[in-house]
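The values are calculated or read from the model by the stated rules, or taken from the named source; none is laboratory data. Here the structure is a predicted model, which is why all the values come from computation and not from measurement. Here the Cβ positions follow ideal geometry from the backbone for every residue, glycine too, while neighbour counts run over all protein chains shown.
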Amino acid sequence: AFLQALSFPFRNKYRSSHSRTESSLLSLIWCSGSRSFNPGSCSFGWAEFVLSFSALLSLTGETPLTVAIGRQNVDLVRYFLDQGAATMKLNDSGSTPLHLAAAAGSCEIVELLLSSGAYVDALHLGGTALHSAARDGRDDIVKVLLDHHADAGADVDGNCKETPLIIAAISGSTEILKCLVLAGADANVPDSLGRAPIEIAARSGRREDVEILFPVTSRIPNVRDWSVDGIIRHVKSVRPVKKAMLTSAKSKAHEAFKNGNYYLAARIYKEAMALDPGNATLLSNRSLCWLRLGDAKNALNDAQACSMMRPGWPKASYRQGTALMLLKDYEKACDAFLDGLKLELGNVELEDGLRQALESLKIYCSSPGQD
């Protein structure tokens, strides 16, 4: 019933102008199909039909290939690659098909793309495909990327603030740590707070990870006892103070928000993010504060940063869509809500947001002077 609600009379009106919504609707419908769809078994040439939509690409850069990757349909990915689909085309977030495949968690599709000439170290705002795989804890994909000579220390000075090794240390991916260290990743490159990967691992009490990193980490001056046990003791001695400050900040921000003091809540969330800069939930909460204040621009900035910090989180897409609605950019709002639904079909918040965005777009498009 929900998919039927996506059909509007004005749909054909924008078919000739390469409608962004048209392409996005195709993506959602496509993503609801079977992962095992085989183009060779289709009597009415569906794969060829989808391929013909290459002339109707949306401004988000969606293509038949990226739709198939999102659905993890290996047969279709192979088909589109055989038809010459571009492996380096970027969407508006700067992601290549390889980034999307790594984020989707399909090892076979990653291998297909690499064998078809995809550049293994292509960058976007979230880093390389290696960053995505490390972030999701996919040691199998990390191994494939490293086997294809991915840079184990990718993007130290580029768009992404953290190296794959730091990401693995934060997420506690022991196997990925091993792979990256063996591939020559620099264990002395700090995160945005100046912490070495070994300190991050020690803060989480992961002794095995500390043992892996210890032989390849240079001595840290403020750690008096330079040993595995000494490092763990050192970080534990400073951790409680910071944790207490963060807990207090979150509590104060929550209370301010509950009392309707959204500006104060936003300011406190900013202080909390200084203590925990990798916390996407804090960004999402501050985005909501800006929304309540009617500050759509700051709300959108925080929502976009949240999405980059935590790819694949539907809440970030919802925040973006809501901010775009406030900006009256209904087409982009549709895309944001659709992106969220691709991550979590059936999410009521996103479905309601999309319905409102589509209805607003329908009214806007039917108003005088919008032909």
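Before moving on, here are some points about what is shown:
- Residue match in segment 245-258 (condition: aliphatic (A, V, I, L, M), within 28 Å of the chain's Cα centre (by Cα) and not assigned by the TED database to the domain that holds ASN285): no
- From LEU123, LEU56, LEU100, residue being under 19 Å from the mean Cα position of the chain (by Cα) and modelled with pLDDT under 85: LEU123
- The set of residues in segment 127-147 being assigned to a loop (DSSP other than H, G, I, E, B) and surrounded by 24 or more Cβ atoms within 10 Å (Cβ to Cβ) consists of THR128 alone.
For every residue, the table says whether it meets (1) closer than 18 Å to GLU111 by Cα; (2) modelled with pLDDT of 85 or more; (3) not assigned by the TED database to the domain that holds LEU213.
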{"site": "VAL142", "(1), (2), (3)": "yes, yes, no"}
{"site": "ASP147", "(1), (2), (3)": "yes, yes, no"}
{"site": "GLU162", "(1), (2), (3)": "no, no, no"}
{"site": "LEU165", "(1), (2), (3)": "no, yes, no"}
{"site": "LEU180", "(1), (2), (3)": "no, yes, no"}
{"site": "GLY184", "(1), (2), (3)": "no, yes, no"}
{"site": "ALA187", "(1), (2), (3)": "no, yes, no"}
{"site": "PRO190", "(1), (2), (3)": "no, yes, no"}
{"site": "GLY194", "(1), (2), (3)": "no, no, no"}
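- Any hit, segment 275-291, residues being closer than 28 Å to HIS131 by Cα, surrounded by fewer than 23 Cβ atoms within 10 Å (Cβ to Cβ), acidic (Asp, Glu) and in contact with a helix residue (DSSP H, G or I) (Cβ under 7 Å, 6 or more places away or on another chain): yes
- Set ARG78, ARG71: member being of a type in the set (D, E, K, R), surrounded by fewer than 24 Cβ atoms within 10 Å (Cβ to Cβ) and within 28 Å of GLU331 (Cα to Cα): ARG71
- The residue that is surrounded by the most Cβ atoms within 10 Å (Cβ to Cβ), among those in segment 232-264 that are touching a Leu at 6+ places or on another chain (Cβ under 9 Å) and aliphatic (A, V, I, L, M), is ALA253.
- The single condition among (1) out of contact with any Cys (no Cβ under 7 Å at 6 or more places or on another chain); (2) at pLDDT 90 or above; (3) among the small types (Gly, Ala, Ser) that ALA316 does not satisfy is (1).
- Of all residues in segment 176-201 being assigned to a helix (DSSP H, G or I) and touching a Pro at 6+ places or on another chain (Cβ under 9 Å), the one that is surrounded by the fewest Cβ atoms within 10 Å (Cβ to Cβ): VAL181
For every residue, the table says whether it meets (1) among the aromatic types (Phe, Trp, Tyr); (2) over 30 Å from GLU175 (Cα atoms); (3) part of a helix (DSSP H, G or I).
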site: ASP209; (1), (2), (3): no, no, yes
site: PRO215; (1), (2), (3): no, no, yes
site: ARG224; (1), (2), (3): no, no, no
site: ILE232; (1), (2), (3): no, no, yes
site: VAL238; (1), (2), (3): no, no, yes
site: MET245; (1), (2), (3): no, yes, yes
site: GLU255; (1), (2), (3): no, yes, yes
site: LEU264; (1), (2), (3): no, yes, yes
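- Some residue of segment 299-317 being polar (S, T, N, Q) and either in the same structural domain as GLY127 (by the TED database) or over 14 Å from the mean Cα position of the chain (by Cα) (or both): yes
- Residues of segment 72-97 that are under 17 Å from the mean Cα position of the chain (by Cα) and among the aliphatic types (A, V, I, L, M): LEU90 alone.
- Residues that are in a helix (DSSP H, G or I) and of a type in the set (Lys, Arg) were ranked within segment 310-363; the one that is surrounded by the most Cβ atoms within 10 Å (Cβ to Cβ) is ARG319.
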